[in-house]
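Here's the structure we're looking at; comments come further down.
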Amino acid sequence: MRERVRHIIFDHNTPESRGFDVALLALIALSVLLVMFETVEQIEARYETVFFGLEWIITILFTIEYVARLATVDSKWRYARSFFGVVDLLAILPVYLSLILPGAQSLLVIRSLRLLRVFRVLKMARFIREANFLVRAIKASSRKIIVFLIAVVLINVIVGSTMYLIEGPANGYDSMFRGLYWSIVTMSTVGFGDIAPSTPLGQVLAAMLMIVGYSVIAVPTGIVSAEVASANRPRQESCRHCGSAVHSNTARFCDSCGFELAG
């Protein structure tokens with residue numbers, strides 16, 4: 001019986017296990033929707049009792065599932081410390097904590113993290129390799145991106161301070177921090193419109209900053225794209241055995257003759 005329950009919970013190839021996973025995802029989605037609806041005062045006031053009952057029913061079901069996972073898994077401590085193990089525990093704790101600390105049930109939104117199990121249900125694990133490849137490209141370009149962000153911050157500080165000196169408190173720029181806020185909003189092309197320059201010189205400076213904003217949007221994308229292209233480019237390293245110079249980027253052996261590559 002223990003082995004059968006373990007296969008249903010942890011396997012994803014049998015009809016029973018897939019049915020369990022789909023039902024679990026539906027229950028998780030329902031619990032997250034309940035938490036969201038509870039934040040709407042009109043709905044919460046009208047269906048408070050219904051929400052309370054459903055919340056406890058779902059929590060009890062999640063508790064049974066968590067205990068079943070602990071009881072059937074081979075290494076209980078390993079599962080409890082794993083990412084999904086921690087998330088599964090945090091998915092049930094807020095309701096029990098709400099008995100002691102009113103309002104703690106709002107933390108139930110963390111249940112949305114359990115929806116990550118959809119990757120297993122829909123057989124999307126094969127995309128993890130591509131995701132890891134993108135993460136490696138971002139890490140490789142992290143220093144360039146940091147330098148770029150520092151340059152952006154310096155530009156915003158300079159332009160924001162200059163706008164404060166040009167416009168002044170009379171036009172809403174009552175501090176350099178206010179000028180910095182306007183500069184960031186303007187460079188990012190968000191443009192809330194809650195504060196805008198009134199003098200001709202200030203408007204010219206704003207127009208220049210907007211143009212700079214359009215130009216810097218593409219910079220991080222270009223940096224990461226260059227790293228991705230570099231990672232995909234075949235490595236040019238001559239084989240000591242056959243002389244071939246075309247190999248995959250992560251190859252340890254020659255693609256032509258199989259001889260071990262240097263370094």
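Restricting the range 51-99 to residues that are of a type in the set (G, A, S) and more than 29 Å from F37 (Cα to Cα) leaves a set whose member that is nearest to the chain's Cα centre (by Cα) is S82.
Conditions (1) modelled with pLDDT under 85; (2) more than 24 Å from R18 (Cβ to Cβ); (3) surrounded by fewer than 16 Cβ atoms within 10 Å (Cβ to Cβ), marked per residue:
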residue	(1), (2), (3)
W77	no, yes, yes
I92	yes, no, no
R111	yes, no, no
L116	yes, no, yes
I150	no, yes, yes
M163	no, yes, no
I166	no, yes, no
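If you check G222 against the conditions, is it modelled with pLDDT of 75 or more and assigned to a helix (DSSP H, G or I)? The answer is yes for G222.
Yes or no, residue by residue, for (1) assigned to a helix (DSSP H, G or I); (2) surrounded by 12 or more Cβ atoms within 10 Å (Cβ to Cβ); (3) in contact (Cβ under 8 Å) with a residue 12 or more places away in the chain; (4) not assigned by TED's automatic domain parsing to the domain that holds D21:
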| site | (1), (2), (3), (4) |
| --- | --- |
| A45 | yes, no, no, no |
| T49 | yes, no, no, no |
| I60 | yes, yes, no, no |
| A71 | yes, yes, yes, no |
| D74 | no, no, no, no |
| I100 | no, no, no, no |
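One residue stands out in the range 118-148 among those that are in a helix (DSSP H, G or I) and of a type in the set (S, T, N, Q): the one that is modelled with the lowest pLDDT, namely N132.
Looking only at the range 9-24, decide whether some residue is within 21 Å of I110 (Cα to Cα), out of contact with any helix residue (DSSP H, G or I) (no Cβ under 8 Å at 6 or more places or on another chain) and exposed (fewer than 14 other Cβ atoms within 10 Å of the Cβ). Yes, the range 9-24 has at least one match.
The values are calculated or read from the model by the stated rules, or taken from the named source; none is laboratory data. Just so it is clear, the model here is predicted, and its values are computed rather than measured. Positions of Cβ are backbone-derived with ideal geometry, glycine not excepted, and every protein chain shown enters the neighbour counts.
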